[in-house]
Amino acid sequence: MERKVPRTVSEEIELYERTIYSLLRSTVDVQLRTLEEVHASTNSTLHPKARSSAIDISALVYTWLRLPSCIVDVERVVMGQNEDTFTKNGYANVTNWQSVRAAARRRRFSYDAHHQTLAAFIASRSDIDDLVPSLVAFQIEWNKLHYYLKAAPKQHTTPEFLADVDNVRLLAEDLALIPEDINRLQTIWGEMFIDIILKICSRKMNLRIQLLNGSLTQYWRATRIWWENIEEQLPILSQRPVYFISSNTHTFVNLISGFALEKQQDLIRFLQKNGMDDLLAEWQVIKTDTDNNSVENFLYYILKKVEQTPGCEEWNLAHQEILQQIGVRQVPSVHSFDVEAQVVELSKIDPDRLDPRVRDGDLTFLRRSDALLLNIDYPLGIAAYNILRMVAENTDNVLGIYIMGKAATLNGVRGDMMIPNVVQDEHSLNTYLFNNVFEGSDLSPYLKYGTVLDNQKALSVLGTFMQNSRIMDVVYREGYTDVEMEAGPYLSAVCEMIRPKRHPYNEIVNLYSAPFDIGILHYASDTPLSKGHNLGAGALSYAGMDPTYAAGVVILNRIFEIERARLSRQARS
């Protein structure tokens, strides 16, 4: 008899998934419009107006941020796991195509402008569950805009008309939108705004897609290629104890390097020089607040802006030089999916350069450490399982696993922190029970804007579009308040690290016997039960640094605490 689990996937979403994968079995291109009706029928919380003639600005913004900007010219999208997959299917020169990126999704894309073809490197079926619905939603909203623009007065779709800021109200009326929505499009499209509007007016979108190879072995092979690239550059990984972290590529290097704090005056001058008055005003508030945890976070935020500014390459070079001095190695992904890795030798950390929040007592013991900190740029869904399994197979001793990531909250607001100790996984249907080494009191001292919610129940979903309000209501009634994509797959890998067989299916799995730390922290970036308040409705911006760095601080403090105790035991033995 199967265990009764919360019904977290509706029949409409199951139909959507079956339709996607049945179509992608085809050896030729599939018209994306084939999926539009079944997409609309899911009533996704991210695309509530899919069936309506009204333009869904939040869905449009959400998908735009997760697709490369060349999507406005793309006619065909091909998906594969690695360069070899593309080569075997006739794309031998895909590595020579233009490298393009999405603003809010770490996925490797290459674009062939001549053939208007976009190649997407996928790490697992979770990438398909994420990418295909995003493409469908974008096409639906593009074509709505097309019909409205074709019906508008012809003079309203000329470059001269669109260049006049006073015409925003008229354009909004043409599109049955409010001026604020047009302003949002101007913000995300920037200098491309006029060009994109003209392209939308000129043609309907009719994308074609193809999956070159959907076999499980190809996903495993892509993960092996990813790991071999890291191991080739850092062979010590297989010989040393490892603290595994899944987060982002900026938090820990900033907390460890002290670079932004050292360059404080230069960073403020950058704001002044570039006329960033809003941020300068925020800086004045921070300086006068004596009980403030935001000084360091603010400087990290500005540093990120500087390093992304054209013409500021010397900042990146100077930062990289400091990182090398303190034992931080960064390994970008090549040949496979886009998950960067960072390796830190704890013995080379300079305690004097650390963020003040992680200078807990005498840290000179770190000089005796042989341990490494392996931080990866958090993957999507099932790729998390594949990666952690690969790390466990090829490293000497995993001392701790720490996961920091985004999540939707059903009972909080954006910027809150959630600490689960129960995870229901839609992939395995397992309910994982574990001892989360973090609790609310660990985070509260470092969180200025949000609230910490511990003892939560998390739900690891198949994809961001694969949810609707009815299912969210059922989930909430079952006590699940933390909706994300990676915790379940990670815990499936943990299960295999402490048990002699593959993770089970549809069981309650107790992981309290794990001989290493398990710490999972989620910061809320989405409130799906509030209509329109999804990830496309706004950005965490500077306030988003608050939960990110609070989580980073407590993870580093925990690692230092465990390492201090481990080295003390070794010294006594």
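The values are calculated or read from the model by the stated rules, or taken from the named source; none is laboratory data. All of these numbers come straight from a predicted model, not from anything done at the bench. Counting neighbours? That spans all protein chains shown, and the Cβs are built from the backbone with ideal geometry, glycine included.
Using the structure shown, decide if THR27 is among the hydroxyl-bearing types (Ser, Thr, Tyr) and surrounded by fewer than 15 Cβ atoms within 10 Å (Cβ to Cβ). First the steps, then the outcome.
Numbers: among the hydroxyl-bearing types (Ser, Thr, Tyr): yes; surrounded by fewer than 15 Cβ atoms within 10 Å (Cβ to Cβ): yes.
It is true that THR27 is among the hydroxyl-bearing types (Ser, Thr, Tyr) and surrounded by fewer than 15 Cβ atoms within 10 Å (Cβ to Cβ).
Tell me, which helices (runs of 4 or more DSSP H) lie completely within the stretch 276-366 with 2 or more residues that are among the polar types (S, T, N, Q)?
Numbers: elements: 277-288, 295-307, 313-325.
Passing ranges, in order: 277-288, 313-325.
Per-residue answers, yes or no, for (1) in contact (Cβ under 8 Å) with a residue 40 or more places away in the chain; (2) within 20 Å of the chain's Cα centre (by Cα):
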{"position": "LYS348", "(1), (2)": "no, no"}
{"position": "LEU354", "(1), (2)": "yes, no"}
{"position": "LEU372", "(1), (2)": "yes, no"}
{"position": "GLY381", "(1), (2)": "yes, yes"}
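Counting the residues of the stretch 385-409 that are over 13 Å from ILE245 (Cα atoms) and either among the charged types (D, E, K, R) or buried (at least 22 other Cβ atoms within 10 Å of the Cβ) (or both) gives 9.
A quick yes/no check of all residues on (1) within 30 Å of VAL295 (Cβ to Cβ); (2) modelled with pLDDT of 95 or more; (3) under 21 Å from the mean Cα position of the chain (by Cα):
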residue: LEU429; (1), (2), (3): no, no, no
residue: TYR476; (1), (2), (3): no, no, no
residue: GLU496; (1), (2), (3): no, yes, no
residue: TYR512; (1), (2), (3): no, yes, no
residue: PHE516; (1), (2), (3): no, yes, no
residue: THR527; (1), (2), (3): yes, no, yes
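Can you find even one residue in the stretch 259-278 that is within 21 Å of GLU340 (Cα to Cα) and either surrounded by fewer than 18 Cβ atoms within 10 Å (Cβ to Cβ) or in the same structural domain as LEU556 (by TED's automatic domain parsing) (or both)? Checking the stretch 259-278: at least one residue is within 21 Å of GLU340 (Cα to Cα) and either surrounded by fewer than 18 Cβ atoms within 10 Å (Cβ to Cβ) or in the same structural domain as LEU556 (by TED's automatic domain parsing) (or both).
Kindly provide the set of residues from the stretch 224-264 that are over 19 Å from ASP352 (Cβ atoms) and either among the basic types (Lys, Arg) or free of Cβ contacts under 8 Å to residues at least 24 places away in the same chain (or both), ordered by number. First the steps, then the outcome.
Quick first cut of the stretch 224-264, residues over 19 Å from ASP352 (Cβ atoms) only: 224-251.
Matches in the stretch 224-264: ARG224, GLU228, GLU232, PRO235, ARG240.
Mind checking whether some residue in the stretch 439-456 is without any contact (Cβ under 8 Å) to a residue 40 or more places away in the chain, of a type outside the set (Asp, Glu) and part of a loop (DSSP other than H, G, I, E, B)? Yes - at least one qualifying residue is present in the stretch 439-456.
Does at least one position in the stretch 202-213 carry a residue that is within 15 Å of VAL391 (Cα to Cα) and without any contact (Cβ under 8 Å) to a residue 40 or more places away in the chain? Show your work before the answer.
Just the residues of the stretch 202-213 that are within 15 Å of VAL391 (Cα to Cα), to begin with: none.
So far as the stretch 202-213 goes, no, none of its residues is within 15 Å of VAL391 (Cα to Cα) and without any contact (Cβ under 8 Å) to a residue 40 or more places away in the chain.
Can you name the residue in the stretch 367-377 that is part of a strand (DSSP E or B) and in contact with a Ser or Thr (Cβ under 9 Å, 6 or more places away or on another chain) and is also surrounded by the fewest Cβ atoms within 10 Å (Cβ to Cβ) among such residues? Give the steps one after another, and end with the answer.
Step one: list which residues in the stretch 367-377 are part of a strand (DSSP E or B), which gives 372-377.
If we keep only those that are in contact with a Ser or Thr (Cβ under 9 Å, 6 or more places away or on another chain) too, we end up with 372, 374-377.
Working: LEU372: 24, LEU374: 22, ASN375: 26, ILE376: 24, ASP377: 17.
Among those that are part of a strand (DSSP E or B) and in contact with a Ser or Thr (Cβ under 9 Å, 6 or more places away or on another chain), it is ASP377.
Here LEU429 clears all of (1) farther than 22 Å from TYR378 by Cβ; (2) surrounded by fewer than 18 Cβ atoms within 10 Å (Cβ to Cβ) except the condition numbered (2).
Are any of the residues in the stretch 333-349 of a type in the set (S, T, N, Q), within 26 Å of LEU234 (Cα to Cα) and at pLDDT below 90? Looking through the stretch 333-349, at least one residue is of a type in the set (S, T, N, Q), within 26 Å of LEU234 (Cα to Cα) and at pLDDT below 90. All of THR364, THR395 fail the test of being assigned by TED's automatic domain parsing to the domain that holds PHE337, closer than 30 Å to ASN82 by Cβ and at pLDDT below 95, apart from THR395. Quick check, is LYS406 assigned to a strand (DSSP E or B), charged (D, E, K, R) and farther than 22 Å from ASN386 by Cβ? For LYS406, the condition - assigned to a strand (DSSP E or B), charged (D, E, K, R) and farther than 22 Å from ASN386 by Cβ - is not met. Scanning the stretch 73-112 for residues that are surrounded by fewer than 18 Cβ atoms within 10 Å (Cβ to Cβ) and within 16 Å of ILE209 (Cα to Cα) returns ASP73, GLU75, ARG76, ASN89, GLY90.
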